[in-house]
Amino acid sequence: MTGSLPDLHVLDDPADRVADLLVEAARAGQSIVLTGGSAPGRAYELAAAREPDWSTSTVWWGDERCVPPGDDRSNYKLAHETLLSRLEKQPRELHRIRGELAPDEAARELDGSLDGVQLDFLLLGLGPDGHCASLFPGSPQLDVTDRRAVAGPAGLEPFVERVTMTLPVLQAAKRIVFIVTGDQKADAVALAFGGEISRKIPASLTRLSESVVAVYLDPAASAKLLP
């Protein structure tokens, strides 16, 4: 498979720059897809402080753990605590994936909500196994092209069912941004953004998008990229 080279940015504090990108998207009234994981929380806090009015934007989640919104494993809870609860004006539309539903039902609801939607700004994290959203290596969800969202099992802890946007939806976003921090992600970074595009590293498949993939890394996460 061939695709574009990612646009790599190694920064001492990648969250600072990603926060600025989120603010730009919110002020432009864009459709913004948020992510969970360990890296984006600080970016959300900074974005809320820099722009407390998100009233012209719409907010989505690329994936969700199938848990209630108050569960500590919930991607929604992370975004609510670090971003949404700090805003003076909430997004015009908020498309929470309802993880408290049966997984297939929650996936059908997300699939229907995405009908006809153009996603402007997609924020993703990267798992140590190379997954993004909840598309894991070897997952049958990688083969789904006739739906915009699908449910499936987790490939890493926490081992709860997931709902995720499918690969064609991720690839169709106008702007794709990864935020990755920590030396535990260095191997995955090298494979996803410095190696060949492969189904074994699902995040690398975003590079088949017509959009440029921008990756914001700290020095630890970038340590195994070839110069």
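The values are calculated or read from the model by the stated rules, or taken from the named source; none is laboratory data. Everything numeric in this text was worked out from a predicted model, so none of it was measured. Glycine gets a Cβ as well: all are built from the backbone with ideal geometry, and neighbour counts include every protein chain shown. With ligands, DNA and RNA removed, areas are computed over all heavy atoms of the protein, side chains included. Shrake-Rupley method; radii C 1.70, N 1.55, O 1.52, S 1.80 Å.
The figures follow:
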{"read-out": "Residue within segment 174-188 that is open to solvent by 10 Å² or more (accessible area, probe 1.4 Å), in a helix (DSSP H, G or I), closer than 24 Å to Leu22 by Cβ and charged (D, E, K, R) present", "value": "yes"}
{"read-out": "Top-ranked residue in segment 32-58 [being among the small types (Gly, Ala, Ser) and touching a residue at least 60 places away in the same chain (Cβ under 8 Å); ranked as farthest from Asp218 (Cα to Cα)]", "value": "Gly36"}
{"read-out": "Those residues of segment 59-70 which are in a loop (DSSP other than H, G, I, E, B) and either at positive phi or without any contact (Cβ under 8 Å) to a residue 60 or more places away in the chain (or both), in sequence order", "value": "Pro68, Pro69, Gly70"}
{"read-out": "Positions within segment 115-143 being crowded, with 17+ Cβ neighbours inside 10 Å, more than 13 Å from Gln171 (Cα to Cα) and out of contact with any Pro (no Cβ under 8 Å at 6 or more places or on another chain), in sequence order", "value": "Leu126, Gly127, Ser134, Gln141"}
{"read-out": "Subset of segment 189-227 [basic (Lys, Arg), in contact with a strand residue (DSSP E or B) (Cβ under 8 Å, 6 or more places away or on another chain) and surrounded by fewer than 17 Cβ atoms within 10 Å (Cβ to Cβ)]", "value": "none"}
{"read-out": "Close pairs (9 angstrom Cβ cut-off, 6 or more residues apart or separate chains): at positive phi in segment 164-189, modelled with pLDDT of 95 or more and open to solvent by less than 10 Å² (accessible area, probe 1.4 Å) anywhere", "value": "Gly182/Ala221"}
{"read-out": "Criterion: under 22 Å from Thr181 (Cβ atoms) and either open to solvent by less than 10 Å² (accessible area, probe 1.4 Å) or not small (Gly, Ala, Ser) (or both) - qualifying residue of Glu100, Glu93, Glu81, Glu88", "value": "Glu81"}
{"read-out": "Of all residues making up segment 124-143, the number that are more than 21 Å from Cys66 (Cβ to Cβ) and out of contact with any Asp or Glu (no Cβ under 9 Å at 6 or more places or on another chain)", "value": "1"}
{"read-out": "Count - residues of segment 102-116 that are in contact (Cβ under 8 Å) with a residue 12 or more places away in the chain and either in contact with a helix residue (DSSP H, G or I) (Cβ under 7 Å, 6 or more places away or on another chain) or closer than 15 Å to Thr58 by Cα (or both)", "value": "4"}
{"read-out": "Complete set of residues in segment 205-227 that are more than 21 Å from Asp20 (Cβ to Cβ) and in contact with a Ser or Thr (Cβ under 6 Å, 6 or more places away or on another chain)", "value": "Arg207"}
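Let's see how each residue does on (1) touching a helix residue (DSSP H, G or I) at 6+ places or on another chain (Cβ under 8 Å); (2) on the phi < 0 side of the Ramachandran plot; (3) part of a loop (DSSP other than H, G, I, E, B):
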site	(1), (2), (3)
Arg17	no, yes, no
Arg42	yes, yes, no
Ala48	yes, yes, no
Asp72	no, yes, yes
